[in-house]
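Heads up: the structure comes next, in structure tokens.
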Amino acid sequence: MSTESARGSAWSTAAVIVGIVAAGTVVAGLSNEPQSDAISIPGCDEVIQPEEMERINFAIVGGGDASWLSEPEMKALSDALVQSVPEDVVVEPDPSWPPFAFESTTGGEEVTAIGKVSVDGRAGQLAVRVLHSDDGPGPCFAGTVDERRTDDDGIVLDISDRRVIAYVPDGSKIDVSSDVLTRDQMITVATDPGLRVGDS
């Protein structure tokens with residue numbers, strides 16, 4: 001398999017994992033039938049119910065070329081991501097692509113990295129999306145968040161079985177998804193200071 005082919009395959013897989021960030025979340029919400037009883041989520045003051053998602057218009061706005069991060073900063077992010085992986089998670093080598101190399105996606109407003117990992121002999125992938133945003137966490141969406149937690153550093157964590165999003169007070173938003181990592185393992189990655197790109 002050529003390098004370009006392998007990279008294309010990796011990014012296709014990454015799109016499946018991270019795709020819930022955009023259209024996947026909407027599709028998941030629209031597939032649920034309206035419920036008579038409101039769904040509550042621990043830690044969430046406001047919850048968007050499945051039937052309300054049908055009335056929400058979503059837009060994805062791109063732009064820029066990741067000029068907010070230099071190449072050395074992107075390399076530092078990749079190094080920090082590798083270091084943030086818990087000791088019981090094995091980063092698997094990939095001859096076609098450096099492990100967890102960040103690249104600009106969705107118009108340059110964010111950077112995404114994907115790598116192969118294994119936990120207790122189970123192989124899978126870890127995808128991490130990093131961006132800077134002045135927007136806070138906002139309401140929770142029923143069916144996409146199981147729990148919202150705020151740690152002692154003021155970091156807000158939206159937690160589900162396969163995804164953790166960290167909203168850091170400095171404006172960093174770190175979105176971690178994996179098919180093999182536990183919630184605690186994803187939280188460890190999402191809260192690592194080396195992955196923050198906000199105002200110091």
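Contact order for segment 100-158, expressed relative to its length and based on alpha carbon pairs under 8 Å spaced 6+ residues apart, stands at 20 percent. Over all other residues within a Cβ to Cβ distance under 11 Å of VAL168, the charged ones net out to -3, with Lys and Arg as +1 and Asp and Glu as -1.
For CYS44, the residues whose modelled amide H falls within less than 5 Å of its own, excluding neighbours fewer than 5 places apart on the same chain, are ARG148. Listed from fewest to most Cβ neighbours within 10 Å, the set SER70, SER178, SER96, SER84 follows the order SER70, SER96, SER84, SER178. A cut-off of 5 Å between modelled amide H atoms, ignoring neighbours fewer than 5 places along the same chain, links GLN125 with VAL117, ASP179, VAL180. Put simply, the amide H of PHE102, placed in the peptide plane, has neighbours under 5 Å in SER78, leaving out anything fewer than 5 places away on its chain. Across segment 47-195, the mean sequence separation of Cα contacts (distance under 8 Å, 6 or more residues apart), normalised by length, yields a relative contact order of 22 percent. Semi-axes of the equivalent ellipsoid for segment 143-200, computed as √(5λ) from the eigenvalues of its C-alpha gyration tensor and ordered from largest down, come to 19, 12, 9 Å.
Each reported figure results from applying straightforward, stated rules to the coordinates on display, with no laboratory input. What you see is a predicted model, and the numbers here were worked out from it, not measured in a lab. Please note: Cβ atoms are built from the backbone with ideal geometry, for glycine as well, and neighbour counts cover all protein chains shown.
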